[in-house]
Number of protein chains: 2
Amino acid sequence: MATGRTHRPATRSRGIPEATVARLPLYLRALTALSERSVPTVSSEELAAAAGVNSAKLRKDFSYLGSYGTRGVGYDVEYLVYQISRELGLTQDWPVVIVGIGNLGAALANYGGFASRGFRVAALIDADPSMAGKPVAGIPVQHSDELETIVRENGVHIGVIATPAGAAQEVCDRLVAAGVTSILNFAPTVLSVPDGVDVRKVDLSIELQILAFHEQRKAGEEAAARTAAGVPAPAATDATTAADGAKRTSATDQGPDGDVPAVMPA
Amino acid sequence: MATGRTHRPATRSRGIPEATVARLPLYLRALTALSERSVPTVSSEELAAAAGVNSAKLRKDFSYLGSYGTRGVGYDVEYLVYQISRELGLTQDWPVVIVGIGNLGAALANYGGFASRGFRVAALIDADPSMAGKPVAGIPVQHSDELETIVRENGVHIGVIATPAGAAQEVCDRLVAAGVTSILNFAPTVLSVPDGVDVRKVDLSIELQILAFHEQRKAGEEAAARTAAGVPAPAATDATTAADGAKRTSATDQGPDGDVPAVMPA
DNA sequence: GGTTGTGAAACCTTTCACAGCG
DNA sequence: CGCTGTGAAAGGTTTCACAACC
């Protein structure tokens with residue numbers, strides 16, 4: 001594993017596990033909802049249910065941030081919102097550029113969740129000259145020629161790539177050269193980036209394929225469960241998958257778990 | 001852990017770890033590209049580079065599927081494509097419905113990656129009556145009233161939710177009631193589903209927040225590294241900072257790592 | 001009473017390193 | 001020789017369960 005840094009020699013204090021970091025936004029969302037309903041405090045149990053994780057995990061996660069709760073009472077909603085926001089770096093606002101304004105790019109530009117958190121869409125960029133000037137989500141699209149200028153002048157550190165696969169690497173290179181150090185990639189490609197640049201990848205078809213795997217397994221199980229010595233069907237795996245809680249109909253662990261996109265210090 | 005079913009006589013073999021399952025689509029994509037270039041065989045090293053993981057991991061992953069390689073040579077591309085496709089359940093085709101045809105829904109409908117794998121968009125559904133009949137990606141949008149009928153008549157097991165947050169739970173309930181057992185959720189909500197239904201969640205703003213966390217940390221490190229006794233900045237982490245990795249510009253481990261969306265047995 | 005915070009155990013994932021085979 | 005396949009070690013994550021505290 002060539003990976004340059006990543007390792008970080010044990011980073012004492014403030015050594016928040018990746019798995020925990022990935023869940024903080026989930027807690028933040030749940031807390032924000034509570035805050036809007038003016039709920040003053042929550043127990044780990046309640047908050048965990050709202051965020052779709054279990055309470056032991058949530059308490060452990062919070063323990064990495066510090067001791068922000070009160071025994072016998074719970075957590076102060078407002079205070080926690082602030083602490084988590086600060087930890088995630090959302091108390092400042094991050095200018096973001098979106099490159100590739102097709103349907104997906106437009107969807108991203110219109111997505112309210114950005115502005116509500118510490119993100120601001122600084123510019124929309126597309127290679128198609130006929131798009132230039134056209135407003136999307138109230139922001140005029142700019143031509144790729146401007147990419148470097150835009151990134152530099154706005155001090156953009158985070159870029160979103162929503163171009164076709166073929167254009168992604170070049171866009172990535174230009175973003176990085178202009179100063180971007182974090183990239184959210186929606187194109188179905190593995191991006192090469194220099195050391196020190198983080199890439200996260202979101203891939204629709206990969207998510208579906210993972211679902212298909214489990215779906216197939218369900219079908220196999222059904223068949224196998226009733227057929228004892230049945231067909232040479234795709235061998236019903238262990239189980240792991242589904243089934244876990246009682247017959248409850250509440251979400252129990254929807255959040256992060258263990259896969260797909262991830263930060264990679266390049 | 002109230003383990004509902006799970007029992008199953010321990011069905012040995014075929015116990016593929018979740019982390020591995022999440023990477024199979026990555027390998028498949030890389031292999032498909034090689035296949036298109038008519039490359040007959042690959043070594044674990046080459047394939048790993050193309051998929052953005054390291055070779056030891058890749059070999060371990062493949063070892064769960066069986067021994068499909070040849071020592072001293074590598075893996076047969078076509079054969080591996082087939083084996084992985086089969087393992088993921090992509091040799092059959094999965095009808096999928098997309099609910100909520102806004103920008104995101106349209107982007108999904110237009111996304112080529114679906115059809116190319118074993119997925120077929122069986123229907124597009126939206127609650128807005130004025131959308132009804134309008135073709136998106138060549139498929140006419142149908143009104144939500146038809147949801148149950150569409151799901152049943154097409155034998156749909158996988159549903160994609162791209163509605164606003166407020167509508168997601170209701171849509172989810174209806175999909176599940178009609179027979180859907182796997183859901184890909186793009187709405188920023190935690191969905192409640194009965195036991196046995198898998199949910200995967202893709203959340204744009206969460207991905208950005210995770211990037212922001214690392215971005216912030218980078219800034220903190222820089223400041224701290226040069227300031228020894230500097231400002232009371234957000235507590236600078238350790239700081240492996242400066243030069244340490246090679247100057248390589250290749251991606252090393254972009255793929256899955258350990259967070260975000262995941263299957264959740266409900 | 002109730003609920004947090006946390007060591008310790010259990011579990012899962014990645015990485016190492018090399019035996020085994022073509 | 002080269003490369004796979006895999007035990008074993010290392011590291012990370014989740015869960016347990018209970019002491020500490022309000």
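Sorting A:His157, A:His214 by solvent-accessible area of protein heavy atoms yields A:His157, A:His214, largest first, with a 1.4 Å probe.
When A:Gly133 is represented by a point 7 angstrom out along its Cα-to-C-beta vector, the spacings to that point in the other copies are 3.5 nm, nearest first.
Each Cα pair under 8 Å and six or more residues apart adds its sequence gap; the mean of these over the residue count of the range A:18-88 is a relative contact order of 41 percent. With R₀ set to 45 Å, the beta-carbon distance separating B:Glu146 from A:Arg59 gives a calculated FRET efficiency near 0.50. When B:Lys60, B:Lys218 are compared by accessible surface with a 1.4 Å probe, the order from highest to lowest is B:Lys60, B:Lys218.
Roughly how big is the range B:22-118's charge dipole about its Cα centre, with Cβ charges of +1 (Lys, Arg) and -1 (Asp, Glu), in debye to the nearest 20? Present the calculation step by step, with values, prior to reporting the outcome.
Numbers: 9 positive and 8 negative charges, 47 e Å.
Computed charge dipole of the range B:22-118: roughly 220 debye.
With contacts taken as Cα pairs under 8 Å at a separation of at least 6 residues, the range A:94-204 carries a relative contact order of 25 percent.
Across all Cα atoms of the range A:44-84, the radius of gyration (one decimal) and Dmax (whole number) stand at 9.5, 22 Å. Modelled label positions at A:Asp76 and B:Ala178, each set 7 Å beyond Cα in the direction of Cβ, lie 4.8 nm from each other. In this Cβ point-charge picture (+1 for Lys and Arg, -1 for Asp and Glu), the range A:94-204 has a dipole of about 400 debye about its Cα centre. Counting only protein heavy atoms and a 1.4 Å probe, tell me what percentage of the range A:18-88's accessible area is made up of carbon and sulfur. C and S fraction of accessible area: 50 percent. Would the range B:137-208 count as rounded, prolate or oblate if I go by the C-alpha gyration tensor, calling it rounded below 1.5 in a/c and otherwise prolate when a/b exceeds b/c, oblate otherwise? Because a/c hits 1.5 or more and a/b fails to exceed b/c, the range B:137-208 counts as oblate.
Decide, for the range B:78-189, between rounded, prolate and oblate: order the square roots of the alpha carbon gyration tensor eigenvalues as a ≥ b ≥ c, take rounded if a/c falls under 1.5, and otherwise choose prolate if a/b is larger than b/c, else oblate. Taking the square roots of the gyration eigenvalues as a ≥ b ≥ c, the range B:78-189 is prolate.
Among residues other than A:Gly102 with Cβ under 15 Å from its Cβ, the summed charge is -1 (Lys and Arg +1, Asp and Glu -1). In the context of the full set of protein chains, residues of the range A:94-204 present 35 Å² of accessible surface per residue (probe radius 1.4 Å, heavy atoms only).
Using the Cα gyration tensor of the range A:18-88, with a ≥ b ≥ c the square roots of its eigenvalues, what is the shape: rounded (a/c below 1.5), prolate (a/b larger than b/c) or oblate (neither)?
It comes out rounded by the Cα gyration axes.
The lysines whose alpha-carbon is closer than 30 Å to the alpha-carbon of A:Lys218, local same-chain residues fewer than 8 away aside, are A:Lys57, A:Lys201, A:Lys247, B:Lys57, B:Lys60, B:Lys201. Other residues with beta-carbon under 13 Å from the beta-carbon of A:Val176 carry, at +1 per Lys or Arg and -1 per Asp or Glu, a net charge of -3. The simple spin-label model puts a point 7 Å past each Cα toward its Cβ; for A:Lys134 and A:Asn154 those points are separated by 1.9 nm. Centre-to-centre, using Cα atoms only, the range B:182-218 and the range B:119-181 are separated by 21 Å.
The values are calculated or read from the model by the stated rules, or taken from the named source; none is laboratory data. From a predicted model like this one, the values you see are computed outputs, not experimental measurements. Cβ: placed from backbone, ideal geometry, glycine included. Neighbour counts: every protein chain shown. Heads up: the accessible areas ignore ligands, DNA and RNA and are worked out on the full protein's heavy atoms, side chains in. Shrake-Rupley method; radii C 1.70, N 1.55, O 1.52, S 1.80 Å.
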